[in-house]
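The structure appears below as structure tokens.
The values are calculated or read from the model by the stated rules, or taken from the named source; none is laboratory data. Since this is a predicted model, take the numbers as computed values, not measurements. Methodologically, a virtual Cβ is constructed for each residue, glycine included, from the backbone with ideal geometry; neighbour enumeration extends over all protein chains shown.
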Amino acid sequence: MAEIVLGMWTSHGPTLSTTPEQWVLRLPADHANRNHPFRGKTYDFETLAALRADERLGEQSSLEERTRRSEGCQAAIARMADRFAEVSPDIAIIFGNDQRELFLEDVTPSMTVFLGDHTWDQPATPEQARRMPPGIHEAEPGHSPPERREYKTCPELAMHIARSVVAERFDIAVSKRLPEPPGHWSSGIPHAFGFIYRQIMRDKVIPHVPIILNTFFPPNQPTARRCFELGQAVGRALRAWDGAERVAVFGSGGMSHFVIDEAFDAMFLKALAERDGETLMAIDEKLLQSGTSELKTWIAAAGMLFETKLQGDVVGYEACYRSEAGTGTANGFVAWS
């Protein structure tokens, strides 16, 4: 039977792969957005800034603070990567999300298990780079290699997981190859996975099973409860697997963004520490929208990891604000071994 020896939850967003000066490239989009989700409601930028005025978020988004918090994130990433190297697992199961990098509007699966024998990634083409919003292309080196590379996956284990969860009434999609660039604004594996490859595995990518969740796009986003239950089902499949591999489990995404809510993040981290699956499953869908929806990948990983005896802690947490309205990305890092 395979053994889970490492569990990791990590943010993966652009603030982790750009300079503090570049964070404000996203400000024009923040001001233009009339529907910022925050605590179950939506607001335009000006209303949100007024609502949060007492928090003095302008001070927390100064260049000095952005620099300090960026340094804290980089230190946490280094510790995560060191922990991964120390444990040295044989294979990984990675829960990540897709943001129209793989699936376009013609078909958007809710949950997908990748069955192919390899993934790949490469830099964006010049045409793709022109289509990216400001501040997004600048982050590319953090999740895409400088040239096209292929990465070995675990098709036999992936097929076993797919068959096992279907038997438990999960109507999953499957895929055996990644789409080539035409029609897509990005190339290769979604950045949720590329970030793990480049910054946690430090380009020494081990064989793995990508499990892709539609966290962003209505109407078929899996609920928090369904994500946790999927993680439990994948855990049962792994325990029934004949292999003897040492396994790492990842949840890639989050934390609260594109409007930061530190109280929500504290609640979530407390639920992880206490193995409180009921709290995670009960999170209202209104709170898991926009970038914060990526925490569903953490919830799926928790469904697997709560069944283990692994122990760990928060490696780092930084609320990386870029405006007085609280826009930005809260970056969190947790490791169990």
* Sort out which residues of region 276-297 are closer than 24 Å to Ile196 by Cβ, among the small types (Gly, Ala, Ser) and without any contact (Cβ under 8 Å) to a residue 60 or more places away in the chain, and write them in order of number. => Gly277
* Please list, ordered by first then second residue, the pairs with beta carbon atoms under 9 Å, 6 or more apart or interchain, first in region 92-110 and at positive phi, second outside any loop (DSSP other than H, G, I, E, B). => none
* Of all residues in region 295-337, which are surrounded by fewer than 24 Cβ atoms within 10 Å (Cβ to Cβ), of a type in the set (Gly, Ala, Ser) and more than 27 Å from Val165 (Cβ to Cβ)? -> Gly316, Ala319, Ser323
* Asked: Pairs under 7 Å by beta carbon, first residue under 19 Å from His257 (Cβ atoms) and charged (D, E, K, R) in region 298-321, partner modelled with pLDDT of 95 or more and not in a helix (DSSP H, G or I), six or more apart or different chains?
  -> Glu318/Asn331
* Structure fact -> Checked pairs for region 25-36, first over 11 Å from Pro133 (Cα atoms) and surrounded by 12 or more Cβ atoms within 10 Å (Cβ to Cβ), second among the hydrophobic types (A, V, I, L, M, F, W, C) and at pLDDT 95 or above, C-beta under 6 Å and 6 or more apart or across chains, list as Asp30/Phe45; His31/Phe45; His36/Leu48; His36/Val259
* **Single residue of region 54-73 satisfying the filter (more than 21 Å from the chain's Cα centre (by Cα) and without any contact (Cβ under 8 Å) to a residue 60 or more places away in the chain) that is surrounded by the fewest Cβ atoms within 10 Å (Cβ to Cβ)** => Asp54
* Asked: Which one of Ala92, Ala76, Ala129, Ala85 is under 17 Å from the mean Cα position of the chain (by Cα), of a type in the set (Gly, Ala, Ser) and in a helix (DSSP H, G or I)?
  -> Ala76
* To do: Just give me the residues in region 95-119 being assigned to a strand (DSSP E or B) and more than 19 Å from the chain's Cα centre (by Cα), in sequence order.
  => His118
* Could you tell me whether Asn220 is under 26 Å from Gln289 (Cβ atoms) and surrounded by fewer than 16 Cβ atoms within 10 Å (Cβ to Cβ)? => yes
* Among the numbered criteria (1) of a type outside the set (Lys, Arg); (2) under 25 Å from Ile200 (Cα atoms); (3) out of contact with any strand residue (DSSP E or B) (no Cβ under 6 Å at 6 or more places or on another chain), which single criterion is violated by Phe250? -> (3)
* Hey, can you tell me all the residues within region 113-141 that are in contact with a Ser or Thr (Cβ under 7 Å, 6 or more places away or on another chain) and closer than 20 Å to Ala248 by Cβ? => Phe114, Leu115, Gly116, Asp117, His118, Thr119, Asp121
